[in-house]
Amino acid sequence: MQDSPSVSQKTIDQVDTVYIDNAFATAQISLMGAHILSFVPKSDQRDRLWLSDRAIFDNKTPIRGGIPICWPWFSDAHNQVRQDLPSHGFVRTQQWTLTSSQDTTQGTSLTFTPQNTQGPGWDQPCELSLHVLVGKSLIVELITKNTSADAFKFNCALHSYFRVSDINNVELTGLDGPYSDKTQDWQMFDTPEPYQFSAETDRIHLCESPEVKIGDTQSTLIKSSGHDSIVVWNPWQQNSTKMRDMSDDGFLTMLCIETALTQEFILGSEEEHRLRQEIF
């Protein structure tokens with residue numbers, strides 16, 4: 001690992017993290033799950049990411065907030081008979097290693113790799129890494145390489161939680177076309193206009209929207225590539241009260257906009273896939 005002056009180590013309870021402080025921004029990344037916890041541009045000192053004030057840092061429980069990595073399946077779509085496999089895959093609770101870091105004119109570049117890429121419900125030979133650039137924007141790339149002789153199917157997502165001032169006053173732009181609604185038995189609906197929030201929202205937008213903007217008192221722009229879906233999620237109050245790692249009113253200040261592969265995707269032998277999200 002190349003030594004980077006902008007990178008240091010910090011611990012939150014039982015979780016080791018990497019802390020980045022450069023000319024452009026600060027950021028913090030948990031080594032459990034290569035989970036990005038914060039991104040604060042120095043231009044406005046506003047954290048783009050939401051982290052629950054009740055997030056659990058015991059080094060085994062998935063962290064509520066930031067950018068969890070969902071891989072090699074999204075939600076419970078693991079195509080297995082057993083129902084005891086972890087939701088959103090198994091790498092988000094694995095230990096990852098910071099394999100390289102370098103300060104450049106664009107910011108701090110970091111690469112993380114997981115302890116292993118095989119786990120319950122998944123034995124495909126492959127390589128997985130997370131590339132992060134902390135600069136004026138935050139660039140996150142989840143890279144999957146098929147090292148086997150055969151093609152395989154997989155899904156993945158960057159399950160990003162964004163900080164908002166008040167979900168009741170937020171408006172999304174950049175999405176269109178049909179979405180599948182989990183709260184209504186996966187029925188299909190057209191994207192609303194204007195796109196606002198007044199109840200639990202759990203939608204998979206089956207589109208390759210390259211840009212989504214969270215309209216708020218201060219807007220956040222999300223650019224995506226390598227995806228086939230954008231997932232929009234807010235649990236609302238009834239579900240927030242059921243989560244031990246989220247305060248009862250936590251739903252008011254967060255909104256998930258997830259860059260994802262949720263539809264059937266086949267990665268050929270020796271092929272590489274890059275799921276990319278850039279946050280401004």
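Go through region 192-213 residue by residue and tally those that are surrounded by 15 or more Cβ atoms within 10 Å (Cβ to Cβ), outside any strand (DSSP E or B) and not acidic (Asp, Glu).
Of the residues in that region, 4 qualify.
Would you say Phe189 is exposed (fewer than 13 other Cβ atoms within 10 Å of the Cβ), of a type outside the set (Gly, Ala, Ser) and either in a strand (DSSP E or B) or touching a Pro at 6+ places or on another chain (Cβ under 7 Å) (or both)? First the steps, then the outcome.
On the way: exposed (fewer than 13 other Cβ atoms within 10 Å of the Cβ): yes; of a type outside the set (Gly, Ala, Ser): yes; either in a strand (DSSP E or B) or touching a Pro at 6+ places or on another chain (Cβ under 7 Å) (or both): yes.
Yes, satisfied.
Return only the number of the condition from (1) more than 21 Å from Val91 (Cβ to Cβ); (2) of a type in the set (Asp, Glu); (3) in a strand (DSSP E or B) that Asp3 does not satisfy.
(3)
Could you check Glu141 against (1) part of a strand (DSSP E or B); (2) in contact with a Ser or Thr (Cβ under 8 Å, 6 or more places away or on another chain) and say which number it fails?
(2)
Please specify each residue of region 18-39 satisfying the condition of being surrounded by fewer than 19 Cβ atoms within 10 Å (Cβ to Cβ) and in a strand (DSSP E or B).
Tyr19, Asp21, Thr26
Identify all residues within region 80-108 that are buried (at least 19 other Cβ atoms within 10 Å of the Cβ) and in contact with an Asp or Glu (Cβ under 8 Å, 6 or more places away or on another chain); write none if there are none.
Ser101
Step by step: first the residues of region 27-74, then only those that are free of Cβ contacts under 8 Å to residues at least 40 places away in the same chain and over 15 Å from Trp96 (Cα atoms), then the one that is nearest to the chain's Cα centre (by Cα). Which residue is that?
The selected residue is Ser38.
How many residues, within region 214-262, are more than 22 Å from Lys182 (Cα to Cα) and outside any loop (DSSP other than H, G, I, E, B)?
7
Just so you know, all these numbers are worked out from the coordinates, no wet-lab data involved. Keep in mind the model is a prediction, meaning the values are calculated, not measured. All Cβ positions, glycine included, derive from the backbone under ideal geometry; neighbour counts span all protein chains shown.
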